Amino acid sequence: MRTLAGVVAALAGLAGLAAPSPAAAQSLTLEQAVALAVARNERTQAAEQRRAAASARVAKARSFFFPDITVVGSYTRRAHETTRNVGGTEVTIQSANALQASATLALTIFDARSLPLYRQAKLDRDAVDSSAKDTRRLVAYEAADAFMQTLAEEQVRDATQHRLSFARQRLVDATARQQAQLVSSNDVTRAQLEVATAERDDVRAQTAVRRARLELGFLLGRSVDGPLVVPSASAPATGDVRSARARRWDLAAAIQRTAALRESAREPARRFIPSLGLVGQYRVTNEAGLSGNNTDWSVSLNLVWQVWDGGERAADGRERRALTRIAELDAELLDRRVGLELDSAVLAVENGQAAVQLAITAVDVARKNADETAELYRQGLTTSAVVADAGISLVEAEIELARERYALAVAELDRRHALGLDPTETP
């Protein structure tokens, strides 16, 4: 599976999330996560079973063109045997032990309904096949989104740990300055409060990471305990509405489903056309009877014409034409929505890129402010409250950067989805 284009660029710069060593046996890549979800998720397995059922329905519709062969055997025990004298010959009319076997072949030579019903079954199979592919793609995107969300939650956790480390360092500085009688005990108290707050936020962030890993593991069908590998950056996905429509399996399924309903709507009117069938039979018995033949055969042609059915076929035709029109409107709506989804995703990516750049600038400024404020505090030129505010501003800027990168990753996933690409497919 190829690397994810564009999405990985949104998260490649996450601070504190360096990719683990390739030797780490428990590490998980985005490609592996997507492959596991597609292979193990129950929705994809159910989609495969629906595809198998649709193929079976095609085989059932095809059986209409082949003959039915039936073999029947019977044994009858009677109380007594019945005979007659015919021309001086004793003839058994009914044997005490009667044996009979027959083979019947029935073939529909012509039935106008068979062709549209067979075409409907094939189009339904194609629609189910497209739906199964779309289900696999949706599951892959859910796994990719969960993977990116877990990375983002881990970045937030790293920011809270940075805040905790910063707060503990401020507590050490405040304690040293209070012991040197350079500041009052209130500075130590404020530093202790900041440490307690940072520890609370760190616990919440750790819980959010564990919850995200549980959600990811649910999609993959296995626990996720090892480190997640940050994907490498590659070119963003590109394409226009025309190429997107050609690749969208959900749109293909809607079009095929509409075509199947259109074939179904043609069937009721063809019930008025007579059907022609062939029936052949071969019979063997131990009761020759008056004919004196123990074997017999017959062939017959049957013409069936249902002139009037009480209006059933007309009602069926109206209903199926209405259902076909509904499916056509749904397909047209989905076709137009593809363009809307692509335009919205492109706009979200552009907005996300700008937001990430602004968030990076905010982190740089906040980090510089925190470093300068800490140095001023060591020199006794500012208060502990200012130092605490600078630390909080830095952590908030780092958390906002992680969230904006995740939002950009989701926007890129949405663009790839709108283009009809898989989440790990190179355009």
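Bear in mind that the values in this text are calculations on the coordinates, not laboratory data. Given the structure is predicted, the values throughout are model-derived calculations rather than measurements. Here the Cβ is made from the backbone with ideal geometry for all residues, glycine too, and neighbour counts use every protein chain on show.
Once Rh for the stretch 243-368 is found with the Kirkwood sum over Cα pairs, what is the Stokes-Einstein diffusion coefficient at 25 °C and 0.890 mPa s, in µm²/s?
The estimated diffusion coefficient comes to 113 µm²/s.
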Assign unit charges at the C-beta atoms only (+1 for Lys and Arg, -1 for Asp and Glu), then state the dipole size of the chain relative to its Cα centre in Debye, rounded to the nearest 20. 1500
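Could you tell me the relative contact order of the stretch 288-427? Use alpha-carbon pairs under 8 Å, at least six residues apart, and round to a whole percent. Don't skip to the end; give the middle numbers.
Numbers: 67 pairs, mean separation 41.0, N = 140.
Relative contact order here is 29 percent.
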I need to check one value: relative contact order of the chain, counting alpha carbon pairs closer than 8 Å and at least 6 residues apart, in percent. 29
Taking Lys and Arg as +1 and Asp and Glu as -1, residues besides A390 with C-beta under 14 Å from its C-beta add up to -3
How many nm separate the modelled label positions at I326 and R84, each set 7 Å beyond the Cα in the direction of the Cβ? 6.4
³J(HN,Hα) across the stretch 69-81 via Karplus (A = 6.51, B = -1.76, C = 1.60, θ = phi - 60°), whole Hz, x for Gly/Pro? 10, 10, 10, 10, x, 9, 10, 10, 9, 10, 5, 7, 9
Would you please give the residues with an amide H less than 5 Å from that of V230, counting only those at least 5 places away or on a separate chain, with H modeled from the backbone geometry? A19
What's the exposure ranking of H80, H162, H417, going from fewest to most Cβ atoms within 10 Å? H80, H162, H417
The chain: calculated mean residue ellipticity at 222 nm from DSSP helix runs of at least 4, using -39500 (n - 2.57): -22500 deg cm²/dmol
Residue by residue through the stretch 264-272, the couplings from Karplus 6.51 cos²θ - 1.76 cosθ + 1.60 with θ = phi - 60°, in Hz, x for Gly and Pro, are 4, 5, 7, 5, x, 5, 7, 5, 6
Would you work out which of S131, T29, S243 lies farthest towards the positive end of the dipole of the chain, given +1 charges on the beta-carbon of Lys and Arg and -1 on that of Asp and Glu, about the Cα centre? S131
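Under a Cβ-Cβ cut-off of 15 Å, what is the net charge of the residues other than G217 that fall near it, where Lys and Arg count +1 and Asp and Glu count -1?
On the way: positive: R40, R210, R211, R213, R222; negative: E42, E142, D145, E153, E154, E215, D225.
Result for the local shell: -2.
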So, with points 7 Å from each Cα along the Cβ direction, the Q179-R200 label distance in nm works out to 2.9
From the residues A174, L216, A198, which one has its Cα farthest along the dipole of the stretch 166-260 in the positive direction, the dipole being from +1 and -1 charges on Cβ of Lys/Arg and Asp/Glu about the Cα centre? L216
Quick check: the angle from helix 30-40's long axis to the longest principal axis of the chain, C-alpha only, nearest 10 degrees? 30
